[in-house]
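Values in this text are rule-based calculations from the coordinates and carry no lab data. Here the structure is a predicted model, which is why all the values come from computation and not from measurement. Cβ coordinates were reconstructed from backbone atoms using ideal geometry, including for glycine residues, and neighbour counts include every protein chain displayed.
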Amino acid sequence: MEREVVATTKAPGAVGPYSQAVCAGDLVYTAGQIALDPATGQMVGDDISTQTDRVLLNLKAILESAGSGLTRVVKTTVYLQDMADFAQMNQVYSRYFASSPPARTTVEVSALPLGALVEIEAVALRYD
């Protein structure tokens, strides 16, 4: 099985030795995304709702570049700096996954890159 590295300028570039996503067979595995603006490389927003929105826009751009999309996501992992932000994150998240949402794990972590409040990674199916 071949693996294919995904890179798009419509989402923040990798800031280390990793890829935005890797396709393997019929699956796309994204790197965790934080709320970086792809145009400026700067963190967007200082609240969980704004950051969650930017994170999901970044994931959408990466998945589409890989020949997939948010409707093809089968699993996400959400990392929150503070579990008290769960309800607000969930409210934004539910707008992107309104019907047939993917499986999800949400965990609180002690810190995220660049002081982010949320980081999300996804596994999705590629389009036929």
*asked:* Under 6 Å between Cβ atoms, which residue pairs at least 6 apart in sequence (or on different chains) link something in segment 1-30 that is farther than 13 Å from residue 64 by Cα with a partner that is in a loop (DSSP other than H, G, I, E, B) and of a type in the set (Gly, Ala, Ser)?
replied: 1/25; 5/19; 18/31
*Assess whether residue 49 counts as being more than 15 Å from residue 22 (Cα to Cα), touching a helix residue (DSSP H, G or I) at 6+ places or on another chain (Cβ under 6 Å) and surrounded by fewer than 17 Cβ atoms within 10 Å (Cβ to Cβ).*
yes
*asked:* Can you tell me which of (1) under 18 Å from residue 126 (Cβ atoms); (2) surrounded by 18 or more Cβ atoms within 10 Å (Cβ to Cβ); (3) of a type in the set (Phe, Trp, Tyr) is the one residue 29 doesn't meet?
replied: (2)
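Which count do you get for residues in segment 1-25 that are assigned to a loop (DSSP other than H, G, I, E, B) and in contact with an Asp or Glu (Cβ under 9 Å, 6 or more places away or on another chain)? If you could, list the steps in order and put the result at the bottom.
Step one: filter segment 1-25 for residues assigned to a loop (DSSP other than H, G, I, E, B), giving 1-2, 7-20, 25.
After this cut, where a residue has to be in contact with an Asp or Glu (Cβ under 9 Å, 6 or more places away or on another chain) as well, the list is 8, 10, 12, 25.
Selection size over segment 1-25: 4.
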*Odd one out for residue 84, checked against (1) touching an Asp or Glu at 6+ places or on another chain (Cβ under 6 Å); (2) surrounded by fewer than 18 Cβ atoms within 10 Å (Cβ to Cβ); (3) of a type in the set (A, V, I, L, M)*: (1)
*Residues located in segment 80-121, provided they are touching a strand residue (DSSP E or B) at 6+ places or on another chain (Cβ under 8 Å) and either aromatic (Phe, Trp, Tyr) or assigned to a loop (DSSP other than H, G, I, E, B) (or both)*: 81, 82, 86, 93, 97, 102, 109, 112, 116, 117
